[in-house]
Amino acid sequence: MDLGLKGKKAILLGANGGIGRVVAHTLAKEGCDVAICGRSQDKVDKVVAELSKIGVKTYGEALDVSDAETVPAFVEKAAGELGGCDIFISFTSVNPGEDTDAAWETVLGTDILPMRRGIAAARPFLAKSEDGSIVCISSTGAVEEFMGVQPYNALKAAVINYSAALSQALATEGVRANCITPGPVWTEDGPWPQIKEGAPEFFDQIVGAIPAGRMTTGEELANAIVFTASPACKAMTGANIVVDGAFTKRVQF
């Protein structure tokens, strides 16, 4: 299937590792020009070099997404370097795992507000595109109880609502907005390898709760994200797509 991504421009926040890095590679292999950012200059440079070898135009920048000015500035610069923006996705995420004021502020400042600021900055460029597409990233912790009371789960639920509202507000501009809700995802440079080594009993408990018998791979999730973002999926907007190997038990409707 031709996803129609050749020559498109994607701006990705927090894509110097983990799921974001795999998505960047998947987009590039489809012929999409890609801009990424992340906290580590070394990691950003490494991913930019990897993407450049695929043969697409790339741009990368190291920045602190919790700074209110940096994300809009990055989006403006990235759109200038790539020649526009057809796809915007934010992967920035943090889970302090506790219910405190500081934890709420951390998740809000590192996960939610960078996404909102990035979307706002990308919106004029997306509106000029024939295939403007936003993909928001939530978590199955948003749709079922997971590891107790914590702001990560609550605010990831807010992402689903926000994405749905965006789909309604931006439809007249020709911009789609969808949400992907992953369960546990294995990437070599993600958190689960460290958890497997440091807390093997917890790791085994999580895998044991997945009827598929394994975690979703980064490549599998990336394929779902890229298809959703692509012009091949142009009729779909306002959707929340759960990708979790049947980890959650609710009826998806």
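The values are calculated or read from the model by the stated rules, or taken from the named source; none is laboratory data. Remember, predicted model here, so these are calculated numbers, not experimental data. Counting neighbours? That spans all protein chains shown, and the Cβs are built from the backbone with ideal geometry, glycine included. These area figures cover heavy atoms from the full protein model, side chains too; ligands, DNA and RNA do not enter into them. Shrake-Rupley method; radii C 1.70, N 1.55, O 1.52, S 1.80 Å.
Identify the single condition in (1) surrounded by fewer than 18 Cβ atoms within 10 Å (Cβ to Cβ); (2) out of contact with any strand residue (DSSP E or B) (no Cβ under 9 Å at 6 or more places or on another chain); (3) farther than 17 Å from I119 by Cα; (4) at pLDDT 95 or above that P151 does not satisfy, given that it satisfies every other one.
For P151, the failing item is (1).
Could you grab me the full set of residues in segment 91-110 that are under 15 Å from R39 (Cα atoms), at pLDDT below 95 and not β-branched (V, I, T)?
S93, the sole residue that qualifies.
Does any residue of segment 125-140 turn out to be under 15 Å from the mean Cα position of the chain (by Cα), part of a helix (DSSP H, G or I) and at pLDDT 95 or above? Break it down stepwise before answering.
First, pick out the residues of segment 125-140 that are under 15 Å from the mean Cα position of the chain (by Cα): 133-140.
Narrowing further to those that are part of a helix (DSSP H, G or I): 140.
Subset that is at pLDDT 95 or above: 140.
Taking every residue of segment 125-140 in turn, at least one turns out to be under 15 Å from the mean Cα position of the chain (by Cα), part of a helix (DSSP H, G or I) and at pLDDT 95 or above.
So which of I206, I195, I225 is closer than 23 Å to R21 by Cβ, free of Cβ contacts under 8 Å to residues at least 12 places away in the same chain and among the β-branched types (V, I, T)?
On the way: I206 fails: free of Cβ contacts under 8 Å to residues at least 12 places away in the same chain; I225 fails: free of Cβ contacts under 8 Å to residues at least 12 places away in the same chain.
Testing whether each residue is closer than 23 Å to R21 by Cβ, free of Cβ contacts under 8 Å to residues at least 12 places away in the same chain and among the β-branched types (V, I, T) leaves just I195.
Return yes when V34 is more than 18 Å from G18 (Cβ to Cβ) and at pLDDT 95 or above and no when it is not.
Details: more than 18 Å from G18 (Cβ to Cβ): no; at pLDDT 95 or above: yes.
No.
Every residue, every condition in (1) more than 19 Å from N95 (Cβ to Cβ); (2) touching a helix residue (DSSP H, G or I) at 6+ places or on another chain (Cβ under 7 Å), yes or no:
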site: I134; (1), (2): yes, yes
site: E145; (1), (2): no, no
site: N153; (1), (2): no, yes
site: E173; (1), (2): yes, yes
site: C179; (1), (2): no, yes
site: T187; (1), (2): no, yes
site: G190; (1), (2): no, yes
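Which of the residues spanning segment 176-195 are buried (at least 21 other Cβ atoms within 10 Å of the Cβ) and either touching a Phe, Trp or Tyr at 6+ places or on another chain (Cβ under 9 Å) or assigned to a strand (DSSP E or B) (or both)? Please lay out each step first, then the result.
To start, the set of residues in segment 176-195 that are buried (at least 21 other Cβ atoms within 10 Å of the Cβ) comprises 176-185, 187.
Of everything in segment 176-195, those that are buried (at least 21 other Cβ atoms within 10 Å of the Cβ) and either touching a Phe, Trp or Tyr at 6+ places or on another chain (Cβ under 9 Å) or assigned to a strand (DSSP E or B) (or both) turn out to be R176, A177, N178, C179, I180, T181, P182, G183, P184, V185.
Does segment 11-20 hold any residues that are over 12 Å from G60 (Cα atoms) and buried (at least 24 other Cβ atoms within 10 Å of the Cβ), and which are they? Steps first, answer last, please.
To start, the set of residues in segment 11-20 that are over 12 Å from G60 (Cα atoms) comprises 17-20.
Result: I19, G20.
Name, by its number, the condition in (1) open to solvent by less than 10 Å² (accessible area, probe 1.4 Å); (2) assigned to a helix (DSSP H, G or I) that does not hold for A120.
(1)
Considering only residues of segment 38-49 that are buried (at least 17 other Cβ atoms within 10 Å of the Cβ) and not aliphatic (A, V, I, L, M), which is farthest from the chain's Cα centre (by Cα)?
Step one: of segment 38-49, the residues buried (at least 17 other Cβ atoms within 10 Å of the Cβ) are 38, 43-44, 47-48.
When the remaining residues are screened for being not aliphatic (A, V, I, L, M), the result is 38, 43.
Numbers: G38: 13, K43: 17 Å.
Here the residue is K43.
Condition check: in contact with a Leu (Cβ under 7 Å, 6 or more places away or on another chain) and outside any loop (DSSP other than H, G, I, E, B). Does L170 satisfy that? Give the derivation first.
Numbers: in contact with a Leu (Cβ under 7 Å, 6 or more places away or on another chain): no; outside any loop (DSSP other than H, G, I, E, B): yes.
So L170 does not fit the description; no.
Give the residue, chosen from A73, A35, A28, A24, that is surrounded by fewer than 22 Cβ atoms within 10 Å (Cβ to Cβ), within 23 Å of A127 (Cα to Cα) and of a type in the set (A, V, I, L, M). Let's see the steps before the verdict.
On the way: A35 fails: surrounded by fewer than 22 Cβ atoms within 10 Å (Cβ to Cβ); A28 fails: surrounded by fewer than 22 Cβ atoms within 10 Å (Cβ to Cβ); A24 fails: surrounded by fewer than 22 Cβ atoms within 10 Å (Cβ to Cβ).
Residue meeting the stated conditions: A73.
Look through segment 196-214, keep the residues that are open to solvent by 50 Å² or more (accessible area, probe 1.4 Å) and among the hydrophobic types (A, V, I, L, M, F, W, C), and return whichever of them is nearest to N153 (Cα to Cα).
Among residues in segment 196-214 that are open to solvent by 50 Å² or more (accessible area, probe 1.4 Å) and among the hydrophobic types (A, V, I, L, M, F, W, C), the one nearest to N153 (Cα to Cα) is F202.
Condition (residue is closer than 21 Å to G18 by Cβ, outside any strand (DSSP E or B) and open to solvent by less than 10 Å² (accessible area, probe 1.4 Å)) applied to segment 159-166: is it met by at least one residue? So that I can check it myself, show each step before the final result.
Within segment 159-166, the first condition is being closer than 21 Å to G18 by Cβ, and the residues that meet it are 159-160, 163.
From what is left, the residues that are outside any strand (DSSP E or B) are 159-160, 163.
Among the residues that remain, those that are also open to solvent by less than 10 Å² (accessible area, probe 1.4 Å) are: 159, 163.
Yes, because at least one residue in segment 159-166 is closer than 21 Å to G18 by Cβ, outside any strand (DSSP E or B) and open to solvent by less than 10 Å² (accessible area, probe 1.4 Å).
Looking at (1) open to solvent by less than 50 Å² (accessible area, probe 1.4 Å); (2) within 24 Å of K29 (Cβ to Cβ); (3) of a type in the set (D, E, K, R), find the lone condition where K156 falls short.
Unmet condition: (2).
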